[in-house]
Amino acid sequence: MSLPGPILIVADKPAGGLAQAFIDAGAFPVVEASWAGAETAAKEVKPSAVVLSEPDAAVSDAAVAIARRVVTAVPFTPMIIRVRDNAAPAVPDALSIPAASRGTRRRRQATRSSSGRRLASASTAPRSRGSN
């Protein structure tokens with residue numbers, strides 16, 4: 001069972017769409033931080049999960065610092081990082097998610113949704129008396 005608590009999103013640019021997706025799913029609070037403020041945010045917020053964008057070389061020290069803080073946190077705090085082209089994550093203790101997986105998942109969801117709408121509309125469509 002997961003513990004309710006803050007979700008910390010660390011990224012170079014605001015991740016408004018991702019933050020909103022967590023909020024829409026019922027997560028609260030969702031806190032966004034830059035790489036420069038990530039370690040301080042993790043210390044103050046005490047997140048139940050951390051989501052990272054892939055850091056570039058300029059913020060590698062910040063990535064190491066946040067990873068160290070999260071890995072030693074009690075209770076266990078999951079850390080997820082989005083990586084480019086199935087590359088090894090810059091934060092080795094994080095669960096990596098390939099950047100390309102986002103579009104694939106959305107296409108599958110859209111296909112399922114449209115299939116569901118077609119089935120629903122077919123089952124609720126009025127039938128004429130002589131069509132059976």
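The values are calculated or read from the model by the stated rules, or taken from the named source; none is laboratory data. The structure displayed is predicted, hence computed values, not measured ones. All Cβ positions, glycine included, derive from the backbone under ideal geometry; neighbour counts span all protein chains shown.
Among the residues of the stretch 56-65, is there at least one that is touching a helix residue (DSSP H, G or I) at 6+ places or on another chain (Cβ under 6 Å) and either surrounded by 19 or more Cβ atoms within 10 Å (Cβ to Cβ) or farther than 24 Å from Ala100 by Cβ (or both)? Looking through the stretch 56-65, at least one residue is touching a helix residue (DSSP H, G or I) at 6+ places or on another chain (Cβ under 6 Å) and either surrounded by 19 or more Cβ atoms within 10 Å (Cβ to Cβ) or farther than 24 Å from Ala100 by Cβ (or both). Of all residues in the stretch 43-54, those that are over 19 Å from Arg82 (Cβ atoms) and part of a helix (DSSP H, G or I) have Cβ atoms under 6 Å from Cβ atoms of residues that are of a type outside the set (A, V, I, L, M, F, W, C) and modelled with pLDDT under 95, 6 or more apart or on another chain, in Val45/Pro6.
Residues that are crowded, with 19+ Cβ neighbours inside 10 Å and in contact with a Lys or Arg (Cβ under 9 Å, 6 or more places away or on another chain) were ranked within the stretch 31-49; the one that is farthest from Ala19 (Cα to Cα) is Glu39.
In the stretch 1-42, which residues are of a type in the set (Gly, Ala, Ser) and assigned to a loop (DSSP other than H, G, I, E, B)?
Applying the first criterion (of a type in the set (Gly, Ala, Ser)) to the stretch 1-42 yields 2, 5, 11, 15-17, 19, 21, 25-27, 33-34, 36-38, 41-42.
Once the filter is applied, which keeps residues that are of a type in the set (Gly, Ala, Ser) and assigned to a loop (DSSP other than H, G, I, E, B), the stretch 1-42 yields Ser2, Gly5, Ala11, Ala15, Ala25, Gly26, Ala27, Ser34, Ala36, Gly37.
Collect the residues in the stretch 28-42 that are in contact (Cβ under 8 Å) with a residue 12 or more places away in the chain and among the small types (Gly, Ala, Ser), keeping them in residue-number order. Within the stretch 28-42, Ala33, Ser34, Ala36, Ala38, Ala41, Ala42 meet the criteria. A Cβ distance below 8 Å, combined with a sequence gap of six or more or placement on separate chains, defines the contacts here; from the stretch 69-88, residues that are modelled with pLDDT of 85 or more reach residues that are in a loop (DSSP other than H, G, I, E, B) and surrounded by fewer than 14 Cβ atoms within 10 Å (Cβ to Cβ) in the pairs Val70/Asp93; Val71/Asp93; Ala73/Lys46; Pro75/Leu3; Met79/Asp93.
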